[in-house]
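Structure, as structure tokens:
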């Protein structure tokens, strides 16, 4: 079958073509916004909600939606009331922003018989959805009659659009679609971005600030030791401090973070546990209690017991209100509850990178850099740990003021410059913390070093 090419030109109203969608195919189009689309709530600016409708097909609708902390590309299955329940959300791709004046290429591949749907942005796979479970799809044939509609409006311009009866295979798009994607600028962290090479450390001067041998089991204490009743009254006396619903210990030259599930609060369906974050999982946060300067290189090894299930985060440049210590007397207990680290700007601020995230449902696929004055997504790269096996992974963070770069096993996964002009002031010096979510069960940290760096 020859490719079905639909070249649609900008009009003042919605555009449509009468060609039906195939049950297996790829929709490809380009668009450009006149002004940059940021999250709806930014420091020092009035809230500005904005929704941009992109495309509608007989199978799905797509729009950009500026939420308080992130921009979402929402994909919703088409509503067909006469065949069953109304349509529902299929997937959403997170972006930290969409640059104004720059062309973006979007591609959606689907295969009804295999029950799969893939999302690509500028040629990079963002989402891979399987087991869609749509009740009104009958015998693998959803309602595909009707055309493809774009929604031009003030502030948005569309380029060419095509529909082909071919699908992407993993990271690879059909050749013709890949050619179209190559014509737009590569992404720079707006969503999952693939980098080449590692951190650019040539020519740096390094001074070792801290090295953990993890050979003294007593060199760790719990958050409770700092409190009398509900009042924080003392500073840490050990190198490592645990704030946790789970446990952490020093053993066999490793820092071990571990969690046990609470069976009384765990739901089961078809013989398998259904994860309910915050209800039965015992998350763990461990802090290095020595404050680190602004320009640092952090490196360590992390080994999971199951790379298909878990999440690991590194907090850095963490500080309390007005830059005080996160262990300042009078601050409330954090107890490993994620809300106390990401949405608690009056008592806690930081950056963090989630190096690895492998939930029990659809894979996220990305490593994310966030800023915890409001959990803003700053940049996204590749998750090089998810489903890659139970082995040690070498992790490195390079922070030079607002320039933040991260690496896993010698390949860069994050590269972002925080200029302090959009998401609040740049965070400089502060504390380092390691977080494991409860579904990870257990991770081991080894060979932990912190260097002061100068170019």
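Only the coordinates and a few stated rules stand behind these numbers; no lab work does. A quick note: this is a predicted structure, and the numbers were derived from the prediction, not measured. Please note: Cβ atoms are built from the backbone with ideal geometry, for glycine as well, and neighbour counts cover all protein chains shown.
Starting from the 7 Å offset along Cα-to-Cβ, what nm value, one decimal, do you get for the label separation of residue 68 and residue 49?
1.2
What does the extension gain come out to for residue 400 and residue 206, with contour length at 0.36 nm per residue minus their alpha carbon separation?
Details: separation 194, 0.36 × 194 = 69.84 nm, distance 1.27 nm.
Contour length minus the Cα-Cα distance gives 68.6 nm.
Please give the length that would be gained between residue 218 and residue 247 if that part of the chain were fully extended, namely 0.36 nm times their separation in residues minus their C-alpha to C-alpha distance (nm, one decimal). Write out the running numbers ahead of the final one.
Values: separation 29, 0.36 × 29 = 10.44 nm, distance 1.42 nm.
Result: 9.0 nm gained on full extension.
Determine, for each peptide in 411-420, 213-222, the mean count of other beta carbons within 10 angstrom over its residues, then list the peptides with the highest first. Intermediate values should be presented prior to the final figure.
Values: 411-420: 19.5, 213-222: 13.7.
Taking the mean over residues of other Cβ atoms within 10 Å, the ranking is 411-420, 213-222.
For the pair residue 454 and residue 171, how long in nm is the line joining their label points, each one 7 Å along Cα→Cβ?
3.9
Which residues among the range 281-296 fall inside the zone where the amide N is under 17 Å from a point 7 Å beyond the Cα of residue 335, along Cα→Cβ?
Output list for this probe position: 281-286.
Based on the Cβ-Cβ distance of residue 103 and residue 419, what FRET efficiency does E = 1/(1 + (r/R0)^6) give at R0 = 30 Å, to the nearest 0.05? List each step's numbers first, then the result.
On the way: r = 23 Å, r/R0 = 0.78.
Plugging the Cβ-Cβ distance into 1/(1 + (r/R0)^6) gives 0.80.
How large is the Kirkwood hydrodynamic radius of the range 298-419, in angstrom, based on all distinct alpha carbon pairs? Write down the numbers at each step before the final one.
Working: mean 1/r = 0.0659 Å⁻¹.
One decimal place: 15.2 Å for the Kirkwood radius.
What is the packing order of peptides 199-212, 294-307, 46-59, taking the mean over residues of other C-beta atoms within 10 Å and listing the highest first?
Ranking, from highest mean packing down: 294-307, 46-59, 199-212.
Can you sort 104, 393 by how many other beta carbons sit within 10 Å, fewest first?
Numbers: 104 23, 393 20.
Ordered by Cβ neighbours within 10 Å, fewest first: 393, 104.
Stretch residue 291-residue 154 to full length: gain in nm at 0.36 nm per residue minus the Cα-Cα span?
Numbers: separation 137, 0.36 × 137 = 49.32 nm, distance 4.94 nm.
That works out to 44.4 nm of additional length.
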